Amino acid sequence: MTNDFFGSKGKGRILAIDYGLKRTGIAVTDEMQMIASGLTTIPSGTAIEWLKDYFEKEHVEKVLIGEPKQMNNEPSQSAPLIAAFVEKFKKSFPDMVLEGVDERFTSKMAFQTMINSGLKKKQRQNKALIDEISATIMLQDYLSRKNII
């Protein structure tokens, strides 16, 4: 028995990572790569172990990592932090497709999304939620661009 309307098994999920100094926001698509959903926020120091566990449970086809850039397209001050994580990721998961995506404005968009959805000020101060929503926005933007082509 197949698990979708068209008779195929679907693709692997796409996972997006908004990696930060303290916290990492994670979002994921459904298996058909149509809907982006916030998954969780984890301590950044645990990201590789968390991903190992997740990859064992779920079929992930591709991972997106936010590339921090300034308005002039130059790398931001957090670029070395992201580069170090990318190196660890590639060593830990050499066969996984990893693609960098522009993450400019995702935190501001996440905060605005929280305001628009009616979250109270105390809830909007939850930086972990902002990181998770940022990863979701990054992933949804990627899906939107992918489906235009």
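Residue-level check: of (1) in contact with a Ser or Thr (Cβ under 8 Å, 6 or more places away or on another chain); (2) modelled with pLDDT of 95 or more; (3) under 19 Å from Asp141 (Cβ atoms), Ile35 misses just (2). Looking at Ser78, Ser44, just one residue is surrounded by 13 or more Cβ atoms within 10 Å (Cβ to Cβ), hydroxyl-bearing (Ser, Thr, Tyr), modelled with pLDDT of 75 or more and more than 14 Å from the chain's Cα centre (by Cα), and that residue is Ser78. Ile149 falls short of the stated requirement of being over 13 Å from Ile65 (Cβ atoms) and modelled with pLDDT of 70 or more. Does any residue of the stretch 92-107 turn out to be modelled with pLDDT of 90 or more and either basic (Lys, Arg) or part of a helix (DSSP H, G or I) (or both)? The answer is yes, given that some residue of the stretch 92-107 is modelled with pLDDT of 90 or more and either basic (Lys, Arg) or part of a helix (DSSP H, G or I) (or both). Here the stretch 116-140 is the region considered, the condition is being modelled with pLDDT of 70 or more and farther than 21 Å from Lys22 by Cα, and the residue that is nearest to the chain's Cα centre (by Cα) is Gln140.
Annotation note: Cβ proximity below 8 Å between a residue of the stretch 129-142 that is closer than 12 Å to Leu15 by Cα and a residue that is in a helix (DSSP H, G or I) and of a type in the set (Lys, Arg) (sequence gap 6+ or interchain) occurs for no pair.
The values are calculated or read from the model by the stated rules, or taken from the named source; none is laboratory data. Remember, it's a predicted structure, so these values are computed and weren't measured experimentally. Cβ atoms come from the backbone with ideal geometry, glycine included; neighbour counts cover every protein chain shown.
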